[in-house]
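Okay, so here's the structure we're looking at.
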Amino acid sequence: MNYKNIVGVFLVFTTFNVLSQNNSLAVTEIPEELKKSANAVIRSYDVTVDLSSVNKMIVNTKRIITVLNKEGNKSIRAYERYDNNSKIRDIRAIVYDRFGKEIKKIKKNDFKDVSDVDVQTLYSDSRVKYLDYTPIAYPYTVEYISETVNGTTGYLPRYLPINSYFLSVEKSSYTLNYASNLNIRVQEKNTENIGLIREESSGIINYKTNSINAIKPESHSSPLENIIPKILFASNEFYYEGVPAKAENWNELGDWIYQRLLKDVNDLPTSTIAHVKKLVQNESDDIAKARKIYQYVQDKTRYISVQVGIGGWKPFNASDVDRLGYGDCKGLTNYTMALLEAVGVKANYALVHSGSSQQSFDENFAIMQGNHVILNIPLENDENIWLECTSQKSPFGFIGSFTDNRNVLVVSPEGGEIKRTKKYNIGENRQTISGECNIDSNGNIKIDATVLSEGIQYDDKYYLESLEERDLEKHYKERWSYINNISISKMEIINDKEQIKFKEIISFSASNYLNIVEDKMLLNLNVLNRNTYIPDRYRNRKLPLVIRRGFKDFDEVKISIPKGYKVESIPNDKIIETKFGNYKMSLKINGETTLIYKREFTLNDGEFPKEDYSDFRAFYRNVSKSDSAKLILVKK
């Protein structure tokens, strides 16, 4: 080979090597700022949605993600769901080491293929293909490519540049190509600080963004769903499991749901209609009728999930639920609604995002959504009763933290309407403790206490009724974990579902509760409801402070000290007043051997600036300090 050829080969090799470096997936190419607080970094994430017609959607995804540590594995998200109405055309992956060197190719047939159901699902046609890869070292990089085809266009993929905590993004894009005869609506949320670029032309919407730092979770903040940037898309015309629809607002979407999914499924056997009419024949009040019907459903049915085709949204026929004795949330809600209709009580089907995060439907952006169904009974003066029809134990009209205080879509023959479910106010979320604490001369205590819980505090506890005795005893020992050597002698539970009050009657003893030094005993006054929680500290809080649900605690305990002892010193009464809540503690001497300990603790719900968090933490710290107040008993 002559000199010129050698130079030519060298230049070609050098050029190739430079290009390879410019497109390197080596971890060293990630900007240091994006590694901070990150378990994984999305190097690039490109989604293209082709909505070629009202009933055909093709989605192409290419995502390259570097996993920095074991916790980052959950961010790979290399999977696709499919069913009878959606197909996976392509799914594959390539794994690279920390230097960007390819170490493994994963083809479509190498992906795990499993049923996408939970243990409560009776049957479903939904399946999922997912990457099952065990890394040999960290960090490593996964390049994931997929293409899916779907006949359901009611759910256009959202653009979520970032979808989890501890995840940062180098660059990301989303493109929606749509047929000219379709009208696409777009809603942007939380996009102010990510440098989002939007480009739009006829039939094309494109978004791009770069360099998004990882978000760290912070206690007492909004759910991640409400924090991350997201862009929603909806077509005014779409197909759902072969059923055409046209809707640009909630009223029209509700009308479609009623006409296509609900109108023909409220059939009941004549024998059942006759039975429930007889059941309520002595009740003239609609609420009393509804209460009996609800109990009838709870006694007769049980919950089981059904997710097949349009069955993901369309309920079982009421007659099927009546015959089988089971159904999913849709079927049981529709069944209850049909029974109420049979006895002359109006009720409506309501779609909701369930879960403690209180995710709401946006009243200004109608789109197919929700993961649960409950029942709405409208009353006069815009009041409503909400029923959880899947539960065999929930009291009538009680929905608890699972569906409280959020916007839902109520569907009726008149169409759809956004309503807000019940908010349990601070005064409703009460816990009242009354008790007696008897102290003997050896520092042992014997407790007799009654705990009454209402509202969300009822929701926190009514499951205790179904626990075995061993598990219930374990629960109480964990509740009073700051007391050693507990021996429980009585556990009685009274669940008043009519008044929605949960009463616990407990008796226990504990040895050596008081510290004894010579002729003195040291008593921690708060025996039954001591706050030991102090919110985490953040040197540089990023997120607003959110208190989702407030509550009130009232405690009154009579403390009997042993004969031959007297109080040497007594803590001062304590009052703490803040925007986040209030606290009061008092101790009164009643005769020679009796003390009356009283405590009130109120926490206010609401959203506060991030700058208030340190004061909120201080409030809890002061409450905890006061709850640790002690007094000294001394021998006379």
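The values are calculated or read from the model by the stated rules, or taken from the named source; none is laboratory data. A quick note: this is a predicted structure, and the numbers were derived from the prediction, not measured. All Cβ positions, glycine included, derive from the backbone under ideal geometry; neighbour counts span all protein chains shown.
Some notes on this structure:
- For Met368, the conditions (1) among the hydrophobic types (A, V, I, L, M, F, W, C); (2) surrounded by fewer than 21 Cβ atoms within 10 Å (Cβ to Cβ); (3) more than 24 Å from Val265 (Cα to Cα) are fulfilled apart from (3).
Here is a yes/no grid of residues against (1) touching a helix residue (DSSP H, G or I) at 6+ places or on another chain (Cβ under 6 Å); (2) at pLDDT below 95; (3) part of a strand (DSSP E or B); (4) surrounded by 20 or more Cβ atoms within 10 Å (Cβ to Cβ):
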| position | (1), (2), (3), (4) |
| --- | --- |
| Ser146 | no, no, yes, yes |
| Tyr155 | no, yes, no, no |
| Asn163 | no, yes, no, no |
| Val169 | no, no, yes, yes |
| Leu176 | no, no, yes, yes |
| Val186 | no, no, yes, no |
| Arg198 | no, no, yes, no |
| Ala214 | no, no, no, yes |
| Pro217 | no, no, no, no |
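- The stretch 35-83 - residue that is in contact with a helix residue (DSSP H, G or I) (Cβ under 9 Å, 6 or more places away or on another chain) and of a type in the set (S, T, N, Q) and, of those, surrounded by the fewest Cβ atoms within 10 Å (Cβ to Cβ): Asn39
- Hey, Ile426 touching a residue at least 60 places away in the same chain (Cβ under 8 Å), in a loop (DSSP other than H, G, I, E, B) and either within 30 Å of Tyr565 (Cα to Cα) or among the hydrophobic types (A, V, I, L, M, F, W, C) (or both) or not: yes
- Test: residue in the stretch 561-581 that is in contact with a Cys (Cβ under 8 Å, 6 or more places away or on another chain), among the charged types (D, E, K, R) and under 14 Å from Leu523 (Cα atoms): no
- Inside the stretch 616-636, residues that are within 25 Å of Asn425 (Cβ to Cβ) and loosely packed, with under 14 Cβ neighbours inside 10 Å make up a count of 0.
- Being among the acidic types (Asp, Glu), farther than 30 Å from Leu545 by Cα and out of contact with any Phe, Trp or Tyr (no Cβ under 9 Å at 6 or more places or on another chain) holds for only one residue in Glu199, Glu248, and it is Glu248.
- Residues in the stretch 548-604 that are assigned to a strand (DSSP E or B), small (Gly, Ala, Ser) and either crowded, with 19+ Cβ neighbours inside 10 Å or modelled with pLDDT under 95 (or both): Ser569, Gly581.
- Qualifying residue in the stretch 404-415 (condition: loosely packed, with under 15 Cβ neighbours inside 10 Å, farther than 30 Å from Leu631 by Cβ, in the same structural domain as Tyr258 (by TED's automatic domain parsing) and touching a helix residue (DSSP H, G or I) at 6+ places or on another chain (Cβ under 7 Å)): yes
- Answer residue from the stretch 236-264, given it is in a loop (DSSP other than H, G, I, E, B) and touching a helix residue (DSSP H, G or I) at 6+ places or on another chain (Cβ under 6 Å) and is farthest from Thr333 (Cα to Cα) among those: Ala247
- Screening the stretch 162-215 for residues that are charged (D, E, K, R) and either in the same structural domain as Asp362 (by TED's automatic domain parsing) or touching a residue at least 40 places away in the same chain (Cβ under 8 Å) (or both) and picking the one that is nearest to Glu237 (Cα to Cα) gives Arg185.
- In this entry, Ser466 is excluded by the filter for residues that are small (Gly, Ala, Ser), touching a residue at least 12 places away in the same chain (Cβ under 8 Å) and closer than 19 Å to Gly435 by Cβ.
- Test: residue in the stretch 397-413 that is touching an Asp or Glu at 6+ places or on another chain (Cβ under 7 Å), within 23 Å of Val243 (Cβ to Cβ) and not in a strand (DSSP E or B): no
- Only one of His353, His372 that is in contact with a Cys (Cβ under 7 Å, 6 or more places away or on another chain) and closer than 24 Å to Gly400 by Cα: His372
- Selection count, the stretch 216-242, where residues are without any contact (Cβ under 8 Å) to a residue 60 or more places away in the chain and over 20 Å from the mean Cα position of the chain (by Cα): 1
- Counting the residues of the stretch 265-304 that are assigned to a loop (DSSP other than H, G, I, E, B), within 30 Å of the chain's Cα centre (by Cα) and exposed (fewer than 15 other Cβ atoms within 10 Å of the Cβ) gives 0.
For (1) outside the structural domain of Leu167 (by TED's automatic domain parsing); (2) within 32 Å of the chain's Cα centre (by Cα); (3) at pLDDT 95 or above, each residue gets a yes or a no:
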site	(1), (2), (3)
Asp46	no, yes, yes
Val49	no, yes, yes
Thr61	no, yes, yes
Thr66	no, yes, yes
Asn69	no, yes, yes
Asp90	no, no, yes
Ile94	no, no, yes
Asp116	no, yes, no
